[in-house]
Protein chains: 2
Amino acid sequence: MLRRFEAELRLPDGARAPSSMGSILHGALIEQLPEDYADYLHTENLRPYSQSIRWDRARERVIWRIGTLDRTAGEIIGAVLQSLEHIHLRQKGYTVDMQNIQCIEERGYQDIADEYFRAETAPRGAEIHFLTPTSFKQGGAYIILPESALILQSLLARWNRFCPDIRIEEDDLAQTLAAHTRLTRYALRSAAFSVEGYNIRGFRGQIALQFAGSDMVRRILGTLLTFAPYAGLGIKTALGMGAVETDIWKG
Amino acid sequence: MLRRFEAELRLPDGARAPSSMGSILHGALIEQLPEDYADYLHTENLRPYSQSIRWDRARERVIWRIGTLDRTAGEIIGAVLQSLEHIHLRQKGYTVDMQNIQCIEERGYQDIADEYFRAETAPRGAEIHFLTPTSFKQGGAYIILPESALILQSLLARWNRFCPDIRIEEDDLAQTLAAHTRLTRYALRSAAFSVEGYNIRGFRGQIALQFAGSDMVRRILGTLLTFAPYAGLGIKTALGMGAVETDIWKG
């Protein structure tokens, strides 16, 4: 079960909301969770949620978004969010009002897979918008270009971790899928994300990927990229990095 | 012997000068060359020059730039350029005035290599500005991200072709050099280059590369990237793609 929650944040006059504030909101959110669940999350490597903060130009609001990747996270985090009217940010020394908290989307993993595997035609491609700084790590180094294999590896790991019933597995699957995507358009720039006093290099912007290859390959690509806005992409998605929107070009 | 020539072009009122016009100027330039030299160029795969056209915002002028990569090209093309006051573009149906034609830079290959190999310290990195659409081809596909190995492979091929006296060779050298560069900042977007009625996908923008690795590796990187503005980068540099400026961070 996948859910996406959104809340509008009202910051004190003059306060800014850079993406890096995601890591402060993350700390404040964890403090609100039942203690045993917070303890459990600390022991996990891949967390069953992603969250991010960003200025939504169209709505002229600071938007806090939380995606949950399993039923437990959806229910516990959802209940906490619905109960909040404001959240205190100790590191900032101020309290933020929360408004219009809602679950904007709820879907099953099976439902997403069915959407692509039962469709008459396989999808043709996708656009990915990187809304907050996004970064990958490979061999100890930060990779700040959206390499398809890294995007797909990131999604496969999270999908298989949180949806054990529908595993998408095969040797070198991320590489195989990546070999069947073609970058056709983009606008990207590097962007730093500050966490615990140091800067992580990442990037923002958007790309268009055209899908090649068999129907099967294109259906898997559509499924994974529909999952991406819930899971985020790359490293530190629990702290506010790697928030994305995807737009799949149906066949 | 490397040379860079520049001319200011005055187009008819209302005429625009997109990068793709480079291929039309190329045709017009070839027509001005001595017939036997033009014939010789046709038989060559890697041409001993690059050229490009672009709007220079600072100077508010359309700038035509020609880089020559060996003595013969420098002398023949240089002599033709100096003799021109205007150039007729048959495909456009108009004549373009040429002003302030000059050789803005002249250097020897040895001189560039010496600059880096005799310096006390090796360079630390470089910025590359992609002034006209740039693209690479690998395995039959266009690659529209500035992958370091493709940039360096492109420069090594041209350097060794036109400077046989100072060959920079070793197995997998481009890969080795690329493994010692790190992309630290960038702003890039895809851009099309139209040639003979079809669009080639490429990109524009700028990147910053930090050099890692041994002194030797960093000296070679400095040498090749200083050569880049003469040679251009990637495919179709004779037609106006891949024009670059580079700025090397001395050690």
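The values are calculated or read from the model by the stated rules, or taken from the named source; none is laboratory data. These figures come from a predicted structure and were not determined experimentally. Note that each Cβ is placed from the backbone with ideal geometry, even for glycine, and that neighbours are counted across all protein chains shown.
Numbers below:
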| read-out | value |
| --- | --- |
| Of all residues in segment B:171-192 being away from chain A (no Cβ under 14 Å) and out of contact with any helix residue (DSSP H, G or I) (no Cβ under 7 Å at 6 or more places or on another chain), the one that is surrounded by the most Cβ atoms within 10 Å (Cβ to Cβ) | B:176 |
| Residues located in segment B:39-50, provided they are of a type outside the set (Lys, Arg) and either at pLDDT below 95 or farther than 22 Å from residue B:86 by Cβ (or both) | B:39, B:40, B:41, B:42, B:43, B:44, B:45, B:46, B:48, B:50 |
| Filter result for the condition that a residue is within 19 Å of the chain's Cα centre (by Cα), of a type outside the set (Ser, Thr, Tyr), assigned to a helix (DSSP H, G or I) and not assigned by TED's automatic domain parsing to the domain that holds residue A:163, over A:30, A:63, A:53 | A:30 |
| Looking only at segment A:193-211, and only at residues there that are out of contact with any helix residue (DSSP H, G or I) (no Cβ under 8 Å at 6 or more places or on another chain) and over 18 Å from residue B:185 (Cα atoms), the one that is nearest to the other protein chains (Cβ to nearest Cβ) | A:208 |
| Enumeration of residues in segment A:103-156 that are over 19 Å from residue A:183 (Cβ atoms), within 17 Å of the chain's Cα centre (by Cα) and surrounded by fewer than 20 Cβ atoms within 10 Å (Cβ to Cβ) | A:103, A:104, A:105, A:106, A:107, A:108, A:137 |
| Total residues in segment B:14-30, condition out of contact with any Lys or Arg (no Cβ under 8 Å at 6 or more places or on another chain) and closer than 13 Å to residue B:95 by Cβ | 1 |
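A quick yes/no check of all residues on (1) assigned by TED's automatic domain parsing to the domain that holds residue A:147; (2) modelled with pLDDT of 95 or more; (3) out of contact with any helix residue (DSSP H, G or I) (no Cβ under 7 Å at 6 or more places or on another chain):
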site: A:91; (1), (2), (3): no, no, no
site: A:97; (1), (2), (3): no, yes, yes
site: A:101; (1), (2), (3): no, yes, no
site: A:114; (1), (2), (3): yes, yes, yes
site: A:118; (1), (2), (3): yes, yes, yes
site: A:127; (1), (2), (3): yes, yes, yes
